[in-house]
Amino acid sequence: MDRSCLEYRLTAQEREQFEREGYLIVKEALSPPRIEALIQEVDGIHAKRVQEGFSPMEALFYPDFIPDSALFQELVAHPRLLPKVWGILGWNIYLYHAHLIVTPNCGRPQDGKTFGWHQDSGRVNQEVECHPRPRLSIKVAYFLSDCSEPGRGNFWVIPGSHLQDSLERPADGMGQPQGAIPVCVEPGSAVIFDRRIWHTATPNWSNVTRKVLFYGYGYRWIRTKDNMTVQTLWESSSPIQRQLLGWGVNCNGFFSPTDEDVPLRVWLQENSPEEAK
């Protein structure tokens with residue numbers, strides 16, 4: 001990993017914003033040529049699924065997409081985003097969850113119903129006894145399509161709600177909870193968000209097909225959320241990429257890691273010692 005990535009470390013202002021609001025927008029994380037190349041890969045996956053019988057009118061949720069393209073694999077250790085990820089979670093991390101979403105026009109008018117608000121991680125939110133709930137993981141969402149206007153299948157959030165263990169929804173099922181906003185970003189933007197933030201997907205009422213790549217990073221002792229097949233990439237990966245793709249010396253190394261288990265920590269010890277603790 002090149003030392004030039006250190007200029008993208010999490011700033012004090014970004015940390016304060018993330019801790020306060022639960023999410024952070026990184027503009028121009030992807031260059032226009034890279035966006036186009038990634039769109040081609042996503043369109044190929046979508047076309048194949050449609051050919052297999054998937055309805056082109058439905059939103060495609062496609063997990064375990066990393067092995068499908070070297071371009072997807074490169075983003076696992078994106079030099080502009082990974083420093084912010086380790087700045088939030090630390091160095092004992094890996095990619096525990098990954099999925100891409102393609103959201104076409106839903107073919108129906110807006111109805112004002114309450115969206116499907118939730119926190120990530122399922123049973124964690126019932127079985128871990130603390131307040132607020134632990135962060136445990138974050139996601140990085142790379143937006144390939146133009147979601148700079150509402151109504152384009154935007155990801156909605158309630159800023160600051162990552163510190164709330166419950167959410168009051170409209171009793172009549174109409175409208176959104178207090179403080180809810182759409183995240184409006186241009187192509188190439190990345191959004192980092194805390195798994196605890198109350199958020200939701202929404203229908204796409206526009207003529208712009210929404211395409212987003214989601215990379216979920218968590219601590220190495222967390223189980224994968226998908227039936228991930230990234231092990232096939234270990235041999236061709238750099239040591240840090242291999243860590244991020246779930247490699248380890250043995251099971252105990254996920255809880256009490258050695259230097260061999262976590263080359264990211266070794267790299268930080270040499271290049272940014274204050275972050276290697």
**Q.** Residues within segment 49-63 that are surrounded by 12 or more Cβ atoms within 10 Å (Cβ to Cβ) and more than 13 Å from GLY107 (Cα to Cα), tallied
**A.** 7
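Quick one: in segment 201-235, which of the residues that are among the polar types (S, T, N, Q) and surrounded by fewer than 18 Cβ atoms within 10 Å (Cβ to Cβ) is nearest to LEU30 (Cα to Cα)? Don't jump to the end; show me each part of the working.
Taking segment 201-235 as the starting set, the residues that turn out to be among the polar types (S, T, N, Q) are 202, 204, 206-207, 209, 224, 227, 229, 231-232.
This time we only want the ones that are surrounded by fewer than 18 Cβ atoms within 10 Å (Cβ to Cβ), so: 207, 224, 227, 229, 231-232.
Values: ASN207: 23, THR224: 26, ASN227: 27, THR229: 25, GLN231: 26, THR232: 26 Å.
Here the answer is ASN207.
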Q) ASP68: modelled with pLDDT of 95 or more and either in contact with a helix residue (DSSP H, G or I) (Cβ under 9 Å, 6 or more places away or on another chain) or crowded, with 19+ Cβ neighbours inside 10 Å (or both), yes or no? A) yes
Q) When segment 147-206 is examined, which residues are found to be part of a strand (DSSP E or B) and among the hydroxyl-bearing types (Ser, Thr, Tyr)? A) THR200
**Q.** Residue list for segment 237-260, filter: within 17 Å of TRP86 (Cβ to Cβ) and over 23 Å from the mean Cα position of the chain (by Cα)
**A.** PRO257, ASP259
Q: Inspect segment 207-227 for any residue being of a type in the set (A, V, I, L, M, F, W, C) and in a helix (DSSP H, G or I) and give the result as yes or no.
A: no
Q) Which residues, counting only those in segment 134-146, are touching a Leu at 6+ places or on another chain (Cβ under 9 Å), in a loop (DSSP other than H, G, I, E, B) and of a type outside the set (A, V, I, L, M)? A) ARG135
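Quick check on this structure: which one of LEU30, LEU24 is closer than 23 Å to LEU144 by Cβ, of a type outside the set (Asp, Glu) and in a strand (DSSP E or B)? Talk me through it step by step, then tell me what you get.
Working: LEU30 fails: in a strand (DSSP E or B).
When all the criteria are applied, what remains is LEU24.
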(Q) Against the definition (out of contact with any Lys or Arg (no Cβ under 7 Å at 6 or more places or on another chain), buried (at least 17 other Cβ atoms within 10 Å of the Cβ) and outside any loop (DSSP other than H, G, I, E, B)), how does ALA98 come out, yes or no? (A) yes
Q: Answer with yes or no whether VAL76 is touching a Leu at 6+ places or on another chain (Cβ under 6 Å) and in a helix (DSSP H, G or I).
A: yes
Q. Of the residues that make up segment 137-159, is at least one closer than 19 Å to ILE25 by Cβ, touching a Gly at 6+ places or on another chain (Cβ under 6 Å), among the β-branched types (Val, Ile, Thr) and in contact (Cβ under 8 Å) with a residue 12 or more places away in the chain?
A. yes
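The values are calculated or read from the model by the stated rules, or taken from the named source; none is laboratory data. Since the structure is predicted, the reported quantities are computational estimates derived from the model, not experimental observations. As a convention, Cβ positions derive from the backbone with ideal geometry for all residues, glycine included, and neighbour counts pool all protein chains shown.
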